Amino acid sequence: MGNQADRPPSRLIFVKHGRPQIVAGAPPSSWALSPEGRLAATALAERLSIFAPTTLWTSPEPKARETALAMAPVFGLAPAIDAGLAEHHADSSPFSTQEEFEFRVERMFCQPDELIMGEETGLAARLRFDAAMARITGGEGTKVIVAHGRIITLWLSHRLRFEPMPFWRRLGMSSAAVLSENGAHLEIVTA
């Protein structure tokens, strides 16, 4: 057993996937990572490497999985997939305008037990993500979780009791929310 003082503190690092390649008519859960998203993911991994991640987890969706794969060489880790890390299921909700989309997202955050958009309530999505986090977070070390903006926001805002919409707006593509070991400090890091 090594010296406890030599170990970096444990953290949870929630990475929002990089910019996807949007394919009109295809469900967002099938979109792949764009070339610029891949570059930004690598740059973000370089910034996050100071936290000495010990595990790398990812949503099964292509844009998240490919973000994790772009980060993996920087961390020297192979990503593990957990289906519970997928985005709030809303492939059936057509995208009209950014304003309309944000209005539906805000309603979903405010009324998580109602089906506002898509195929899953915000509450069901958060509980699914919570079950995945219970599987992932055992033991010591810093865990990187590559997921999606709405699901990360649902989980963190419930856990830390903050207003979700301002946080969701701040969490841009290829950014990370770094949660301190005791959960007392949350910092956003960008590429």
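What the table below lists for this structure:
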| quantity | calculated |
| --- | --- |
| Cα-derived Rg over Rh, computed across the chain with Rh taken as Kirkwood radius | 0.96 |
| 1.4 Å probe accessible area per residue over the chain, in Å² | 49 |
| Amide N of the stretch 22-57 lying under 20 Å from the label point, which is placed 7 angstrom from the Cα of ARG159 along Cα→Cβ | 45, 48-57 |
| Computed FRET value (nearest 0.05) for LEU186 with PHE101, which takes r as the C-beta separation and R₀ as 25 Å | 0.55 |
| Karplus-derived 3J(HN,Hα), 6.51/-1.76/1.60, for each residue of the stretch 78-93, Hz, glycine and proline x | 9, x, 10, 9, 10, 4, x, 8, 4, 5, 3, 5, 8, 5, 7, 8 |
| In the stretch 87-166, GluC sites (Glu not before Pro) in a DSSP loop with at most 14 other beta-carbon atoms within 10 Å | GLU114, GLU119, GLU140 |
| Virtual spin-label span in nm between ALA52 and GLU114, 7 Å along Cα→Cβ | 4.9 |
| Viscosity 0.890 mPa s, 25 °C: Kirkwood-radius Stokes-Einstein D of the stretch 1-97 over Cα pairs, µm²/s | 167 |
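The values are calculated or read from the model by the stated rules, or taken from the named source; none is laboratory data. The model shown is predicted, which means the values in this text are computed figures rather than measured ones. Because the Cβ atoms are built from the backbone with ideal geometry, glycine has one as well, and the counts that use them run over all protein chains shown. To get the accessible areas, we keep the full protein, side chains included, count just its heavy atoms, and leave off ligands, DNA and RNA. Shrake-Rupley method; radii C 1.70, N 1.55, O 1.52, S 1.80 Å.
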